[in-house]
Every structure is written in C-alpha cells, then in structure tokens.
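A.B. asks: One structure, as structure tokens, below. Some questions next.
The values are calculated or read from the model by the stated rules, or taken from the named source; none is laboratory data. A quick note: this is a predicted structure, and the numbers were derived from the prediction, not measured. Backbone-built Cβ (ideal geometry, glycine too); neighbour counts: all protein chains shown.
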Amino acid sequence: MSGPSLIPPGALHHHLALVALTPALLALGATVAAAAVRGSGARTLAAIALIPPLVLQAALLLPDGLAAQAGGPQLGGLVRLGWIPATVALLLGGWATWRWRASERVWSWPLRVAAALLLSVLMVPALTLAIEPDAPPIGRRWRVAVALALTPLAWWWPAWAMAAACAVAATASGPWRAALAAATLAALAAALLA
C-alpha cells in the first residue's frame, strides 16, 4: 500500500511541463515581436529571436538536462518529456527555422517554428490544424474533421490520438509531410514507452 503523496503548492508539480514548452513559447514571443516591427528589421528581429528557443531546446538534451531527468508524461499525458520527443522537437525546430526563413509574412516564420517545436512534445491533435494553411486544399475537410474528432480523445489517450492526427495530417502533400511523419513516430514511441 502506497503512502499519501503531497502536491506542492502553486502547481509546482507542473513546472517540468512548462519548461518543456518554453522553447515554443519563446518562438511565439518572436512571432509577436516580428509582427510589431515593420520593414527589413522584422526579418532580422525574427532571426535573432529564434536563436534562444533552439538553444534552449538543445539544452534540454544535455546529459543532465530535462530529457534525462524527467522522461514520461506530464500534465496528465498532454506533455511528453524524454529523449525522443526532445530530440525530434529540436530537429523539427531547426528544420522549420531553415525551411520557412524566406516566408512572405515574417511573423509566420516564428509561428511555424513554434508549431514544429510543439509537434512531438504537446499531445493535442488540434495542433495539426496550424499546419493546414501550408497544405493543399485537397482533403482538408477530412483532415480537419479527424483532428477535431481526436482532440477530445487526447484526454484519455494523448499519445495515440496525437500519433493518429499527425499520420492523417501527413497524408497531405506539402512541406510538412516529413515533419508530421517524424512527429507520428515520436508520439508512437511515447505511447509504447509509457
């Protein structure tokens, strides 16, 4: 029989999940900064502001970093920590930083990087809807319907629901196909290792 467990005050037990989401939150901050600045300075600001999220994501992979210390689900399974999700998030974040650097709307560059950083860490199927503007319209209704239908199921089976949503979103041709396939594999690994 196990003893009573104490929950620290101030939701401190969710601290690891917030640390895992910090790189994506910093990229969202870069989105706001790039949207506030006009002209050629916006691209420079976005490029500089995307360095800290990627460095922080890489720091999570240090031998004594967050990935090594706190593997497993957090926030009821909605946030996955560990080597596989953190590594895939770093790879996808680097890919998105390189791939979308020449986007027409500068503010959309860090927004796409934030989505890429979240794909393997945050197990919310509705996250795949952020990728739909870059996907061709063929089959969009079906992909959106599946993502919305799987979102409530993430309460009980977060990694399985996210893997299914990423696999469905990867059926669309476009630049996100390989990234979604990697996120699918990361979510499946999280589901099988849990």
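A.B. asks: Give the residues of the range 127-151 that are surrounded by 16 or more Cβ atoms within 10 Å (Cβ to Cβ) and either among the hydrophobic types (A, V, I, L, M, F, W, C) or assigned to a loop (DSSP other than H, G, I, E, B) (or both), sorted by residue number.
C.D. replies: The answer is L127, L129, A130, I131, A135, V144, V146, A147, L150, T151.
A.B. asks: Here is a list: R80, R38, R99, R43. Which entry is surrounded by fewer than 15 Cβ atoms within 10 Å (Cβ to Cβ) and charged (D, E, K, R)?
C.D. replies: Values: R80 fails: surrounded by fewer than 15 Cβ atoms within 10 Å (Cβ to Cβ); R99 fails: surrounded by fewer than 15 Cβ atoms within 10 Å (Cβ to Cβ); R43 fails: surrounded by fewer than 15 Cβ atoms within 10 Å (Cβ to Cβ).
The match here is R38.
Residue-by-condition table, conditions (1) out of contact with any Lys or Arg (no Cβ under 8 Å at 6 or more places or on another chain); (2) under 28 Å from W155 (Cα atoms):
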position	(1), (2)
H14	yes, yes
A30	yes, no
V37	yes, no
L50	yes, no
L61	yes, yes
P73	no, yes
W83	yes, yes
T87	yes, yes
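A.B. asks: Within the group A190, A165, A159, A186, which residue is in contact with a helix residue (DSSP H, G or I) (Cβ under 7 Å, 6 or more places away or on another chain), surrounded by 15 or more Cβ atoms within 10 Å (Cβ to Cβ) and modelled with pLDDT of 95 or more? Don't jump to the end; show me each part of the working.
C.D. replies: Working: A190 fails: modelled with pLDDT of 95 or more; A159 fails: modelled with pLDDT of 95 or more; A186 fails: modelled with pLDDT of 95 or more.
Testing whether each residue is in contact with a helix residue (DSSP H, G or I) (Cβ under 7 Å, 6 or more places away or on another chain), surrounded by 15 or more Cβ atoms within 10 Å (Cβ to Cβ) and modelled with pLDDT of 95 or more leaves just A165.
A.B. asks: Something else now. Just checking, which of A24, A58, A46, A20 is at pLDDT 80 or above, closer than 30 Å to E104 by Cα, over 15 Å from the mean Cα position of the chain (by Cα) and among the hydrophobic types (A, V, I, L, M, F, W, C)?
C.D. replies: On the way: A24 fails: over 15 Å from the mean Cα position of the chain (by Cα); A58 fails: over 15 Å from the mean Cα position of the chain (by Cα); A20 fails: over 15 Å from the mean Cα position of the chain (by Cα).
After ruling out the rest, the residue left standing is A46.
A.B. asks: Is it fair to say A20 is in contact (Cβ under 8 Å) with a residue 12 or more places away in the chain, hydrophobic (A, V, I, L, M, F, W, C) and at negative phi? Show your work before the answer.
C.D. replies: Details: in contact (Cβ under 8 Å) with a residue 12 or more places away in the chain: yes; hydrophobic (A, V, I, L, M, F, W, C): yes; at negative phi: yes.
For A20, the condition - in contact (Cβ under 8 Å) with a residue 12 or more places away in the chain, hydrophobic (A, V, I, L, M, F, W, C) and at negative phi - is met.
A.B. asks: Taking the range 97-113 on its own, how many of its residues are in a loop (DSSP other than H, G, I, E, B) and either free of Cβ contacts under 8 Å to residues at least 24 places away in the same chain or small (G, A, S) (or both)? Spell out how you get there, then give the answer.
C.D. replies: Step one: list which residues in the range 97-113 are in a loop (DSSP other than H, G, I, E, B), which gives 100-107.
Next, from what is left, pick out any that are either free of Cβ contacts under 8 Å to residues at least 24 places away in the same chain or small (G, A, S) (or both): 100, 102-105.
Summing the residues that are in a loop (DSSP other than H, G, I, E, B) and either free of Cβ contacts under 8 Å to residues at least 24 places away in the same chain or small (G, A, S) (or both) in the range 97-113 gives 5.
A.B. asks: Mind checking whether some residue in the range 117-134 is of a type in the set (G, A, S) and more than 18 Å from P53 (Cβ to Cβ)? Talk me through it step by step, then tell me what you get.
C.D. replies: Here is the first cut: in the range 117-134, the ones of a type in the set (G, A, S) are 120, 126, 130.
Applying the additional criterion that residues be more than 18 Å from P53 (Cβ to Cβ) yields 126.
Yes, some residue in the range 117-134 is of a type in the set (G, A, S) and more than 18 Å from P53 (Cβ to Cβ).
A.B. asks: Please verify whether the range 170-178 includes one or more residues that are buried (at least 23 other Cβ atoms within 10 Å of the Cβ), out of contact with any strand residue (DSSP E or B) (no Cβ under 6 Å at 6 or more places or on another chain) and closer than 20 Å to W83 by Cα. Talk me through it step by step, then tell me what you get.
C.D. replies: The initial filter retains those residues of the range 170-178 that are buried (at least 23 other Cβ atoms within 10 Å of the Cβ), namely 176.
Still in the running and out of contact with any strand residue (DSSP E or B) (no Cβ under 6 Å at 6 or more places or on another chain): 176.
Going one step further and asking which of them are closer than 20 Å to W83 by Cα, we end up with none.
There is no residue in the range 170-178 that is buried (at least 23 other Cβ atoms within 10 Å of the Cβ), out of contact with any strand residue (DSSP E or B) (no Cβ under 6 Å at 6 or more places or on another chain) and closer than 20 Å to W83 by Cα.
A.B. asks: Out of A89, A116, I need the residue that is closer than 15 Å to P133 by Cβ and part of a helix (DSSP H, G or I). Which one?
C.D. replies: Numbers: A89 fails: closer than 15 Å to P133 by Cβ.
Of A89, A116, the one residue that is closer than 15 Å to P133 by Cβ and part of a helix (DSSP H, G or I) is A116.
A.B. asks: State all residues of the range 83-96 that are crowded, with 18+ Cβ neighbours inside 10 Å and without any contact (Cβ under 8 Å) to a residue 40 or more places away in the chain; if no residue qualifies, say none.
C.D. replies: T87, L90 - these are the residues of the range 83-96 that are crowded, with 18+ Cβ neighbours inside 10 Å and without any contact (Cβ under 8 Å) to a residue 40 or more places away in the chain.
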